[in-house]
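Encoded as C-alpha cells, the structure appears first; notes follow it.
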Amino acid sequence: MRPLTLVLSICLFSCSNGQTQPQDKLRQPVPGLPFASLEDAGFDKDSIENLLKYINDTPPNDFRGLVVIKNNRIVIEEYFNTFWRNSIHDIRSAGKSVTALLLGIALKDGLVQNLDQDVYSFFPGKRYPSLKEHYKLIKLQHLLDMSSGLDADSDRPQTTGHAVNWIARDHWKDYLLNVPLTSKPGKKWVYADINPLLISAVIEETSGMSLKDYAREKLFGPLEIKQFYWYTNAADQTGAAGNLYLSTLDFAKLGVLVVNEGKWKGTQIIDPDYIKKLSDATHDLSEDNPYADAYGMLWYKSRRTFGGKNTDYLFASGNGGNHLIVIPKEEMVIALTSSAYGQRYAHRRSYNIMSKILASLK
C-alpha cells in the first residue's frame, strides 16, 4: 500500500471510531463553530459513545454522517462507511426546507413583497401566455404550506403536476404554470414537489438567476458552504424539491442559521421574523405521520418527550432518513445523512438516533 493511501485509510477510520473530537487533518476547526466536549455541552458521554458504537456495528452500512451542534459549538461530528467531512450527499426532500430559507432571503432582498403575494403576479402574461388565471388564487404562503390546491400529489403519479410529468424536461416552468386546480388553495394539505418548484420559479424570475446560483451567492457563500450540487436543467431552472447534495456538516450549518434566527457570524442573512414563522404549524399531521405533528413553511414540527423532558422541534426530512433537526430552546442542531433510500427503516432509524441523543442531554 502506498504511504498516502495508508494515511488516508487511517484518517477515514478515525472519523468513525466513536471519537467526538477532531483527530486528523480531515476535520480542521470550523470558523465560528469551535469544538466542545460532550461533558462541557451537557451530554452523557457513555450514552453517546455507546450510540456511535451501535451505529458502526449495526448493518446495513448505509448511514453516512452525524453532526450535533449546541450553542454554536460542534459536539459530535462522526462519519461512517467510507464517508468523511467533505463527502456531499443527496439529502432528497430535505432540500425543500432549504428552498424555504431561500424564499426568506428573497423577501429580505425585496424580490418578494410578502407571503400573501399571488403566484400569477410574478409571471408576465406576454412571456407566459399559457399561465392559468387560477394562479391568482395561489399565494406564496400556500406553496410553503403544501396547500396550493393544484392537481399534484407526490404519492399519485397520475396527477397532472406530479414530477414524472416535468422533471425530465429541458424547460419545465411553462408546464408548472399550466396545472389545473382541484381544490381551493389553503384548504387541503397535499405533499407535492410542484410547490417548492413554483417558489424556485418565482425566485429565478425575480432575481434573473437559477436558484442554484442564488443559493451560492446568498446562502451557501456566506455560510462558507463550498461544495454542493443542485440539479439544474438545460433552461437553468433548479430542482428545488430535492436533488441537493451537501456534506453533513454543511447541512448542519443551515440548522445553526435557523437556531440563530437568521444570523450567521454577525450578519443577518434572513429576517428573524421569517425564521420564527418556520415553526408555524399550519396543517395537522398527527394522525398520519408517526414522526411529525404538523407541517408548515416547508418544515415539519413535533413535540416529543426525551429523557423525561418535553421537547419542541422542527425538522427538514428527506427520503432515506436524511434529517435536519432544530431545537430552538436548546440552541441545538442535529444533522443526519443516510442513503437508505426507499427503505422502511430509514426514518425510524434516524428518529431513534435523534431520540438517544436528546435523552442523553442532562
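At-a-glance table
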{"quantity": "Residues of segment 337-361 satisfying the condition of being among the aromatic types (Phe, Trp, Tyr) and closer than 19 Å to residue 314 by Cα", "calculated": "351"}
{"quantity": "Test result for residue 252, crowded, with 17+ Cβ neighbours inside 10 Å and in the same structural domain as residue 63 (by TED's automatic domain parsing)", "calculated": "yes"}
{"quantity": "Of the criteria (1) surrounded by fewer than 22 Cβ atoms within 10 Å (Cβ to Cβ); (2) within 23 Å of residue 146 (Cβ to Cβ), which one residue 360 fails", "calculated": "(2)"}
{"quantity": "Members of segment 109-124 that are surrounded by fewer than 16 Cβ atoms within 10 Å (Cβ to Cβ) and under 16 Å from residue 219 (Cβ atoms)", "calculated": "109"}
{"quantity": "Residue 275 being within 22 Å of residue 141 (Cβ to Cβ) and buried (at least 19 other Cβ atoms within 10 Å of the Cβ)", "calculated": "yes"}
{"quantity": "Residue list for segment 345-362, restricted to those being at pLDDT 95 or above and either among the small types (Gly, Ala, Ser) or in a loop (DSSP other than H, G, I, E, B) (or both)", "calculated": "346, 350, 355, 359, 360"}
{"quantity": "Any hit, segment 207-223, residues being polar (S, T, N, Q), within 30 Å of residue 174 (Cα to Cα), in the same structural domain as residue 189 (by TED's automatic domain parsing) and not in a loop (DSSP other than H, G, I, E, B)", "calculated": "yes"}
{"quantity": "Count - residues of segment 126-144 that are in a loop (DSSP other than H, G, I, E, B) and touching a helix residue (DSSP H, G or I) at 6+ places or on another chain (Cβ under 7 Å)", "calculated": "4"}
{"quantity": "Residue among 175, 191 that alone is assigned to a loop (DSSP other than H, G, I, E, B), modelled with pLDDT of 95 or more and aromatic (Phe, Trp, Tyr)", "calculated": "191"}
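The values are calculated or read from the model by the stated rules, or taken from the named source; none is laboratory data. Just so you know, these numbers come straight off a predicted model, no measurement behind them. Every residue, glycine as well, gets a Cβ built from its backbone with ideal geometry; the counts of neighbours run over all protein chains shown.
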